[in-house]
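Down below is the structure, laid out as C-alpha cells.
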C-alpha cells in the first residue's frame, strides 16, 4: 500500500515535470513558433519570390539567345550590300574568289562552337586534311549555327548561302579551345582579340556602300580596314569619316569585354 510519502513524491514529480515543460515553452524563441507573423509572412512571400526567380532565369536565357543569334536585320548590309556571303562561299559555290575555308576562317580569328558542330563534321575536323581547306565546310558550319557570331541565311531548299548576318557575339565572345585552337565551348562576353574584322570586311565583293559613305576610293577603304589589325574595330568610322587619329595612327579601338560593360 502506498503511504503519504509515496503520494508526496509523486506530486513533486508531477510538479517538476510541469515546471520543466512550462520553462521549455517560455524559453522557445517566438520566431520558431508556428504562429509567428514573420515566419508566416516569409511563407506567403515564397511563391512570389519563386515566380520572380523563374522570370529572371527566363529573361537571362532570352538575353543569351539574343546575344548569340540575333542579327537585328544587319544581313541586309553585310550580305545584301557588301555581299560577304559571296566571299565566304567562293566561285565554286556560286560566289566570288577562292572562298573562305575553315582553316582561313580560324586564321582570321573566327571561332567555332564545338557543341554545335555536327558529329560527321567534327570527325572531319579531328582528322584534318583537305575538307578544312574547302569553303563548303565553312558553309556547312554556318548552316549548323556553329560559327560564333555569324548567321548564314540559306535558300528555301537549304542548299545555297544567300546572305550573312552578324551578332554581338562576333566581337564579344570567345571559345575555350577545348576541341582545337579556335574551336570549343562558348565564352559569352569575352572579347575576341584574335578577330581581324577589318581584313574580313575588306574581302567583301562590293565595297561601294563604304566608298560612297566615306567619299573615298576602294583602295583607300581597304587601306583603312586593313590598318585596324586583330581584335580592333573603328565603330565611329561611318559616323565621323575619320579613319586615323591626328597622330596618323589607326582610330580603331580594342574590342571590349561585354561582361564588363554597363548600361
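Based on what the data block shows, is residue 201 buried (at least 20 other Cβ atoms within 10 Å of the Cβ) and touching a strand residue (DSSP E or B) at 6+ places or on another chain (Cβ under 6 Å)?
So residue 201 fails the test.
Looking for something part of a loop (DSSP other than H, G, I, E, B), on the phi < 0 side of the Ramachandran plot and modelled with pLDDT of 95 or more - is there at least one such residue anywhere in segment 168-177?
Within segment 168-177, one or more residues are part of a loop (DSSP other than H, G, I, E, B), on the phi < 0 side of the Ramachandran plot and modelled with pLDDT of 95 or more.
Checking residue 159 against (1) part of a loop (DSSP other than H, G, I, E, B); (2) over 17 Å from the mean Cα position of the chain (by Cα); (3) touching a residue at least 12 places away in the same chain (Cβ under 8 Å): exactly one of these is not met. Which one?
Among (1) part of a loop (DSSP other than H, G, I, E, B); (2) over 17 Å from the mean Cα position of the chain (by Cα); (3) touching a residue at least 12 places away in the same chain (Cβ under 8 Å), the lone unmet condition for residue 159 is (3).
Among the residues of segment 50-96, which ones are farther than 28 Å from residue 189 by Cα and either touching a helix residue (DSSP H, G or I) at 6+ places or on another chain (Cβ under 6 Å) or not in a loop (DSSP other than H, G, I, E, B) (or both)?
Answer for segment 50-96, where residues must be farther than 28 Å from residue 189 by Cα and either touching a helix residue (DSSP H, G or I) at 6+ places or on another chain (Cβ under 6 Å) or not in a loop (DSSP other than H, G, I, E, B) (or both): 81, 86, 89, 90, 91, 92, 93, 95, 96.
Tell me the residue from 136, 120, 116 that is surrounded by fewer than 20 Cβ atoms within 10 Å (Cβ to Cβ) and free of Cβ contacts under 8 Å to residues at least 24 places away in the same chain, please.
120
Let's see how each residue does on (1) in a helix (DSSP H, G or I); (2) modelled with pLDDT of 95 or more:
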{"residue": "98", "(1), (2)": "no, yes"}
{"residue": "106", "(1), (2)": "yes, yes"}
{"residue": "123", "(1), (2)": "yes, no"}
{"residue": "126", "(1), (2)": "yes, no"}
{"residue": "142", "(1), (2)": "yes, yes"}
{"residue": "152", "(1), (2)": "no, yes"}
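Take residue 195 and decide whether it is in a loop (DSSP other than H, G, I, E, B), touching a residue at least 24 places away in the same chain (Cβ under 8 Å) and either touching a helix residue (DSSP H, G or I) at 6+ places or on another chain (Cβ under 7 Å) or over 27 Å from residue 117 (Cα atoms) (or both).
yes
Within segment 79-96, which residues are buried (at least 18 other Cβ atoms within 10 Å of the Cβ) and closer than 19 Å to residue 140 by Cα?
Selection gives 79, 83, 84, 85, 86, 87, 88, 89, 90, 93, 95.
Mind listing just one residue for me: the one in segment 178-187 that is part of a strand (DSSP E or B) and farther than 17 Å from residue 231 by Cβ and, of those, nearest to the chain's Cα centre (by Cα)?
186
The values are calculated or read from the model by the stated rules, or taken from the named source; none is laboratory data. On a predicted model such as this, the values are computed, not experimentally measured, just so you know. Neighbour counts are summed over all protein chains in view; Cβ atoms, including those assigned to glycine, are modelled from backbone coordinates with ideal geometry.
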